[in-house]
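Encoded as structure tokens, the structure appears first; notes follow it.
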Amino acid sequence: MAALAATPRRVNRVGRGRIQGTVQLAPNLAARKPRIRLYADYGPGSQPPRPPPASELANVVIYLDSVPWGGEVTAPAGRLRMEQRNETFVPHVLPVVRGSTVEFPNQDPLFHNVFSLSSTRTFDLGRYPKGESKSVRFDRAGIVQVFCHIHSDMSAIVLVLDNPFFAVPADGRYAIADVPPGEYQLVAWHERIKPISQRVRVTADSVTVVDLDIPVPPPDASAQ
């Protein structure tokens, strides 16, 4: 699964370590499976324009399990958002630290009704139009599957983690900085596979390189 090596190189904070590497998916994936419309589209009798298919790498989360952490949620540089845009949730996968609040703004010229029945966090935001936003706080770690009551083909995931040591390898690379020295489980998560984990050792003021090859099946494989 991975090639592991450590090199002595100064990282962001003295006494902390850094994990970084590349991520490849096998097989390489393109667009998500076609969506089946169960409700009428808005506009002049056609579907809204679709954005270019996002790389499946944007749906991968690399995180560390069981890292000593005080539990304080640091405000991110920008607000945590999962937009409703072109009748999809953007991003499709949003990793957050427990205790975080996520905004769900509606960017579409129609109503949406965002909800989840997940045991980690159950909520129903009700119907709201374009330009409005509602928020949800996530206090428990786990997977929260998000849907829209009005458009049944809309789905997304909020992955609530116990600590802030995670990264999304959207460009095929990831880095997790300021990690306390120690041994941890490095976990690669994708919604269509069981999490893959590997033991890693982090030492002070050095970089541990872990390159990951993740076997992710095509989007329609589960339907076969």
Among strands (runs of 3 or more DSSP E) completely within segment 62-154, the ones holding 3 or more residues that are over 30 Å from Leu212 (Cβ atoms) are 100-105, 112-117, 122-128, 133-138
Among the hydroxyl-bearing types (Ser, Thr, Tyr), in contact (Cβ under 8 Å) with a residue 24 or more places away in the chain and farther than 28 Å from Leu110 by Cβ - does that describe any residue in segment 160-176? yes
Arg85 vs. criteria closer than 25 Å to Arg127 by Cα and modelled with pLDDT under 95: no
For Val93, indicate whether it is out of contact with any helix residue (DSSP H, G or I) (no Cβ under 8 Å at 6 or more places or on another chain) and at pLDDT 95 or above. no
Qualifying positions in segment 160-192 - surrounded by fewer than 15 Cβ atoms within 10 Å (Cβ to Cβ) and under 21 Å from Leu117 (Cα atoms): Arg192
Subset tally (residues that are open to solvent by less than 60 Å² (accessible area, probe 1.4 Å) and at negative phi) for segment 109-134: 13
Can you tell me which of Ile150, Ile157 is crowded, with 19+ Cβ neighbours inside 10 Å and of a type outside the set (Phe, Trp, Tyr)? Ile157
Can you name the number of the only condition in (1) at pLDDT 95 or above; (2) surrounded by 20 or more Cβ atoms within 10 Å (Cβ to Cβ); (3) not acidic (Asp, Glu) that Val216 fails? (1)
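The values are calculated or read from the model by the stated rules, or taken from the named source; none is laboratory data. All figures in this text were calculated on a predicted structure; none of them were measured in a lab. Glycine also receives a Cβ, built like all others from the backbone with ideal geometry; neighbour counts cover every protein chain displayed. SASA here: full protein model, heavy atoms, side chains in, ligands and nucleic acids out. Shrake-Rupley method; radii C 1.70, N 1.55, O 1.52, S 1.80 Å.
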